[in-house]
Amino acid sequence: MSNKGSLWAGRIISALPVLFLLLDGIMKLVKPAFVVEATVQLGYPEGVIVGLGVVLVACTIIYLIPRTAVLGAILLTGYLGGAVATHVRVGGPLFSIIMPVILGVMLWGGLYLRDERVRSLV
């Protein structure tokens, strides 16, 4: 695959989870009733929702900046791992457990395609 084709494929693959994570983070900052209800059902107090939103949006922005994208991917992997652990702990449906894993794979796959440093490391 050419460098230009790899770059664009990586951008497209990265864009999908980034849009989802930004939307999720912003919804945590806005705190509509369904977000509060879902978060409380997962066992988290209402008071942590805004903090989770700030962390998620910040990590996603760090991922979007090419120079800090690897750090952002590492931070988002930790965040998504926490989401998997939360859903496993509460006995959530299989989709809720697998979805964060898929997002993480897409984040790293997109980064692999668009960043030569990651490709050379692998």
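The values are calculated or read from the model by the stated rules, or taken from the named source; none is laboratory data. Remember, predicted model here, so these are calculated numbers, not experimental data. Reconstructed Cβ throughout: ideal geometry from the backbone, glycine too, with neighbour counts over all protein chains shown. Side chains included, ligands, DNA and RNA excluded: accessible areas come from the protein's heavy atoms. Shrake-Rupley method; radii C 1.70, N 1.55, O 1.52, S 1.80 Å.
These residues, I61, I97, go from largest to smallest accessible area, 1.4 Å probe, as I61, I97. Remark: relative contact order (the chain) = 34 percent; criterion is Cα-Cα distance under 8 angstrom and separation of 6 or more residues.
How high is the FRET efficiency from V101 to L7, r the C-beta distance, R0 30 Å, rounded to 0.05? About 0.75, to the nearest 0.05. Surface exposure of the chain, expressed per residue as accessible area with a 1.4 Å probe, stands at 59 Å². The angle between the Cα long axis of helix 3-30 and the main principal axis of the chain comes to about 20°, on a 0 to 90 degree scale. Summed over qualifying helices (DSSP H, 4 residues or more, each -39500 (n - 2.57)) and divided by its residue number, the chain shows a 222 nm mean residue ellipticity of -27500 deg cm²/dmol.
Put the Cα centre of the range 43-122 next to the Cα centre of the range 1-26 and the gap is 13 Å.
Among T77, T60, the order of accessible area from largest down is T77, T60, computed with a 1.4 Å probe on protein heavy atoms.
Diagonalising the gyration tensor over the Cα atoms of the chain and scaling each eigenvalue by 5 before taking the square root yields semi-axes of 29, 15, 12 Å, largest first. Expressed as a whole percent, the accessible area of the chain that falls on carbon and sulfur atoms is 75 (1.4 Å probe). Here the label points at L71 and L19, each 7 Å from Cα along the C-beta direction, are separated by 2.8 nm in the simple model.
Each residue of the range 84-89 is assigned a 3J(HN,Hα), and the resulting list reads 4, 4, 4, 5, 5, 4 Hz, derived from the Karplus form 6.51 cos²θ - 1.76 cosθ + 1.60 (θ = phi - 60°), x at Gly and Pro.
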